[in-house]
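A.B. asks: The following block contains the structure, expressed as C-alpha cells.
The values are calculated or read from the model by the stated rules, or taken from the named source; none is laboratory data. These numbers come from a predicted model, not from an experiment. Here the Cβ positions follow ideal geometry from the backbone for every residue, glycine too, while neighbour counts run over all protein chains shown. Surface areas here come from the heavy atoms of the whole protein model, side chains and all, with no ligands, DNA or RNA. Shrake-Rupley method; radii C 1.70, N 1.55, O 1.52, S 1.80 Å.
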Amino acid sequence: MTKYIFVTGGVVSSLGKGITAASIGLLLKSRGLRVIHQKFDPYLNVDPGTMNPYQHGEVYVTDDGAETDLDLGHYERFTGITTTRNCNYTSGRIYDSIIGKERRGDYLGGTVQVVPHVTTEICDSIRSVVTPDIDVVICEIGGTVGDIESHPFLEALRQFRQQTGRGNSLFIHVTLIPYLERAGEVKTKPTQHSVGRLREIGIIPDILICRSEKHLDKEVRKKLSLFCNVDEEAVIEAMDVPNTIYEVPLEFAAQELDTVIIDSLGLRASRRNLKLWRDYVDRVTSAEREVSIAIVGKYSELLDAYKSIHESLQHAGAFHNARVRIVSVSAEEIEQKGPAEVISGCGGILVPGGFGSRGVEGKILAVRYARENNIPYFGICYGMHVAVIEFARNVLHLKEADTAENNPATPHPVIHLMEEQKRIMNLGGTMRLGAFPCNLAKGSFIRKMYGKEQISERHRHRFEFNNDYREGFEKAGMALTGISPNGLLVETVEIPDHPWFIGVQFHPEFKSRPIDPHPLFKGFVGASLAGKGKQCE
Ligand code: GLN
C-alpha cells in the first residue's frame with residue numbers, strides 16, 4: 001500500500017522545502033523504497049511556462065513535455081527518478097480542470113465549491129502519481145502556512161489523511177528557528193505559531209525540520225517537542241550546509257530522519273546505502289582544482305534563473321575533481337564594455353536558453369570571442385541560435401543574418417520559426433516541449449562525447465535552424481552533427497576546428513545528476529579545465 005508524506009512550510013518562504021523533500025526522497029530510496037515526488041504550487045497560472053525568471057526562476061521541463069517548477073529538478077537530481085506532468089499541479093491547473101468539467105455539465109446541476117470540489121480535485125491529483133510500484137509519495141506544498149492561496153491545499157490534505165487512514169500519511173513541517181543576536185539565543189515562538197496555524201486547519205505535524213543558524217540544544221528540542229506536539233527524535237535540525245546542497249541528506253541521515261519516517265509509516269525497508277552519494281560529496285569538498293566558467297545570460301543577478309545549468313556544471317566539476325566557479329555575466333554588460341573586458345579570464349563560456357532581443361548582441365559577441373580565441377563554448381538552445389547567427393555573420397559574411405524571433409524582416413533568417421509553430425496563437429504550453437530523439441553523425445565530436453548514436457533530450461523552443469542554410473554552414477566549417485530522426489531538424493552544431501565548440505537545440509542540463517553527470521557538461525568542463533583561457537581573478 002502506498003504511503004504519503006506531505007511537506008509544508010512555515011514562518012517564511014525560501015527555507016529550502018524543495019531540497020528537504022528531495023533529500024527525504026533520496027534517503028528513502030537509499031533504504032530500498034520506491035518514491036515519487038509531487039509539488040503543488042498555489043498560484044493561478046496553469047503552469048510556470050508563461051512566467052519570467054524574475055517571477056519564477058528556471059522553468060524545468062519533464063520528459064513528457066510539462067513546463068514545471070524548478071523543485072522538480074531537485075527531485076530528479078536527488079533521486080534519479082524521472083518526473084512527469086502529474087508531479088506538478090498549480091491552483092490554475094486544478095481550477096482549469098474543474099471549470100472544464102463544469103462547462104461539460106459533469107456536476108449535474110450542483111453548485112461547484114472550494115469544498116468539496118476543489119479539495120476533491122486536489123486529492124485526485126495526489127492519486128494521479130500513484131502506480132502499483134510506488135511505496136511513498138512525497139508531496140510538497142508551495143508557499144507558507146497561513147497564505148490564503150495555500151488554504152484549499154491544506155484542507156485537502158487534512159481530508160486526504162482522514163480518507164487514507166492516519167498511519168498511512170505523515171506531515172513534515174519545515175520551519176525557521178531564528179537566532180537573536182541581542183538575546184544570544186534561538187527562538188521557538190515563530191514555529192509554535194506556525195504549527196498553531198496548521199492545527200487550526202486540523203493538521204498536526206509529525207516531524208519538524210528546523211532551519212537554523214545555530215545548533216539546537218537539548219532544551220530547545222524539548223521545548224519544540226512539548227509545545228508543537230512532536231516526538232523529540234522528530235525534531236530535526238537543518239543548518240546551512242557548508243559546501244553543497246547535496247550534503248543535506250547526509251545531515252538528515254545522521255539524525256536518523258529516514259528511520260523516524262519509516263517507523264512512523266510502518267514501512268519495511270533495507271539498510272541505508274549512500275555510498276555513491278557520500279563519494280560525490282567528498283569529491284566536491286576535496287576538489288583541488290578550480291575553473292571559471294562564464295554564463296552569459298539576460299538574468300545574471302538571479303541565482304535561480306539557470307538553476308539546472310549551475311547544478312550540471314558542479315556535477316561535471318566534481319567528476320574532474322574540480323570546483324567550478326560560475327561567473328554570471330550580463331549579456332548587456334558585454335554589449336557595453338566588449339567581451340575581453342568582461343569574460344577574458346574564463347576557462348569556458350556558456351550561453352544558456354533565452355527569449356527575445358534584450359542582450360542578444362552581447363551573447364553574439366561572447367560567441368565570437370570564444371570562437372576566435374579557441375575558448376570552449378557551450379550554447380544551449382538560444383545559445384545555439386546565437387552561435388549560428390554569429391557564424392553566419394562573421395564566417396559566411398551574411399552581415400544581416402539573424403533569428404526571426406527578434407528580426408522577422410531579416411534577409412537571412414538562419415534561425416526561423418518551426419513549421420508546426422506557425423499556426424499557434426496561445427503562449428502557454430505551446431512550444432516544442434519534452435523529450436525527442438536525435439541521431440548523432442558518425443565521426444562527430446558530440447557522438448564521441450555521448451558514446452552513442454541515438455540520444456534523447458528535452459526541448460523547449462519555437463525557433464530552429466533554417467535548413468536552407470545547411471550546405472553553406474557545412475562548407476564553411478560548422479558541422480550539423482545532430483539531426484532529428486525524420487531528417488528535418490538540426491539539433492546540434494559543432495566546429496571541428498575549434499577545441500570545444502558545441503551548440504545544442506535541447507536542454508541537457510535537465511538530465512545531469514550528481515552521481516551521473518551529463519556527458520556534454522563533463523566534456524565542456526574538462527575542456528575548460530584544460531586551460532585555453534586564464535583563470536578569472
Ligand atoms: N527563444 C528561442 C526559441 O523559442 C530559444 C528558446 C530557449 O532557449 N529555450 O526557440
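A.B. asks: Quick one: with all protein chains in place, what share of the accessible area of the stretch 275-328 is carbon or sulfur, to the nearest percent (1.4 Å probe)?
C.D. replies: Taking all protein chains in place, the stretch 275-328 shows 49 percent carbon and sulfur surface.
A.B. asks: Radius of gyration and Dmax for the stretch 387-464's Cα atoms, expressed in Å?
C.D. replies: 15.5, 41
A.B. asks: Can you show me the helix-derived [θ] at 222 nm for the chain, built from DSSP H runs with n ≥ 4 at -39,500 (n - 2.57) apiece and divided by the number of residues, rounded to the nearest 500.
C.D. replies: Taken over the chain, the calculation gives -10500 deg cm²/dmol.
A.B. asks: Moving on. Within the chain, which is the longest segment that contains none of the trypsin sites (Lys or Arg not before Pro) sitting in a DSSP loop with at most 11 other Cβ atoms within 10 Å?
C.D. replies: With trypsin sites (Lys or Arg not before Pro) excluded where exposed in loops, the chain gives 1-181 as its longest stretch.
A.B. asks: Let me ask you something else. Stokes-Einstein diffusion coefficient for the chain at 20 °C in a medium of 1.002 mPa s, Rh from the Kirkwood formula over Cα pairs: what value in µm²/s?
C.D. replies: 86 µm²/s
A.B. asks: Let me ask something additional. Can you give the charge dipole size of the stretch 178-263 about its Cα centre, rounded to the nearest 20 debye, using +1 on the beta carbon of Lys and Arg and -1 on the beta carbon of Asp and Glu?
C.D. replies: With Lys and Arg at +1 and Asp and Glu at -1, about 560 debye.
A.B. asks: Still on this structure, please answer the following. For the stretch 264-350, what is the largest minus smallest coordinate of the Cα atoms on each principal axis, given in angstrom and ordered from greatest to least?
C.D. replies: Largest to smallest, the principal-axis extents are 61, 31, 14 Å.
A.B. asks: Give the cross-link partners of K222 among the aspartates and glutamates, using a straight C-alpha distance below 17 Å as the criterion and excluding same-chain residues fewer than 8 apart.
C.D. replies: E185, D206, D231, E232, E233, E237
A.B. asks: In whole Hz, what ³J(HN,Hα) sequence does the stretch 409-415 give by Karplus (6.51, -1.76, 1.60; θ = phi - 60°), x for Gly and Pro?
C.D. replies: Taking θ as phi minus 60°, the curve returns 8, 4, x, 10, x, 5, 10 Hz for the stretch 409-415.
A.B. asks: What is the diffusion coefficient of the stretch 157-302 in µm²/s, taking the Kirkwood radius over Cα pairs and the Stokes-Einstein relation at 4 °C with a viscosity of 1.567 mPa s?
C.D. replies: Translational D for this selection: 72 µm²/s.
A.B. asks: Counting only heavy atoms of the protein chains, get the accessible area per residue of the chain (1.4 Å probe) and round it to a whole Å² value.
C.D. replies: Per-residue accessible area for the chain comes out at 42 Å².
A.B. asks: Can I ask one more? Express the carbon and sulfur contribution to the solvent-accessible surface of the stretch 16-55 as a percent, rounded to the nearest whole number, probe 1.4 angstrom.
C.D. replies: 50 percent
A.B. asks: Averaging sequence separations of C-alpha pairs under 8 Å and six or more residues apart, then dividing by the length of the chain, give the relative contact order as a whole percent.
C.D. replies: That works out to 15 percent.
A.B. asks: Let me ask something else about it. Using a 1.4 Å probe on the protein heavy atoms, what percent of the accessible area of the stretch 114-204 belongs to carbon and sulfur?
C.D. replies: Carbon and sulfur: 52 percent of the exposed surface of the stretch 114-204.
A.B. asks: Which of the pairs K39/K275; K399/K475; K214/K298; K223/K307; K17/K363; K3/K101 have their Cα atoms more than 26 Å apart in this structure?
C.D. replies: Table pairs above 26 Å Cα-Cα are K39/K275; K214/K298; K223/K307; K17/K363; K3/K101.
A.B. asks: Would you mind computing, in nm to one decimal, how far apart the modelled labels at I201 and K442 are, each placed 7 Å from Cα along Cα→Cβ?
C.D. replies: Between I201 and K442, the label points sit 6.0 nm apart.
A.B. asks: Return the tail of the calculated pair distribution for the stretch 47-175, meaning the percent of Cα-Cα pairs more than 26 Å apart.
C.D. replies: Everything past 26 Å amounts to 27 percent.
A.B. asks: OK, next. Rounded to the nearest 0.05, what FRET efficiency do K187 and E474 have when you use their Cβ-Cβ distance and R0 = 45 Å?
C.D. replies: The computed FRET efficiency comes out at 0.10.
A.B. asks: Next question. Please state, to two decimals, what the Cα-based radius of gyration of the stretch 12-120 comes to when divided by 2.2 N^0.38 Å (N = residues).
C.D. replies: 1.23
A.B. asks: Let me ask something additional. I need the Kirkwood Rh of the stretch 308-364: take the reciprocal of the average 1/r across all distinct C-alpha pairs and report it in angstrom.
C.D. replies: Mean inverse Cα-Cα distance, inverted, gives 12.6 Å.
A.B. asks: Positive end of the dipole of the stretch 384-474, charges at C-beta (+1 Lys, Arg; -1 Asp, Glu), about the Cα centre: which of A392, M431, M449 has its Cα farthest in that direction?
C.D. replies: M449
A.B. asks: If you don't mind, there's one more thing I want to ask. Per residue and in cubic angstrom, what volume does the convex hull of the Cα atoms of the stretch 368-409 have?
C.D. replies: Per-residue hull volume (Cα only) is 58 Å³.
A.B. asks: Please state the charge dipole magnitude for the chain, taken about the Cα centre, from unit charges on C-beta atoms (+1 on K and R, -1 on D and E), reported in debye and rounded to the nearest 20.
C.D. replies: It comes to approximately 780 debye.
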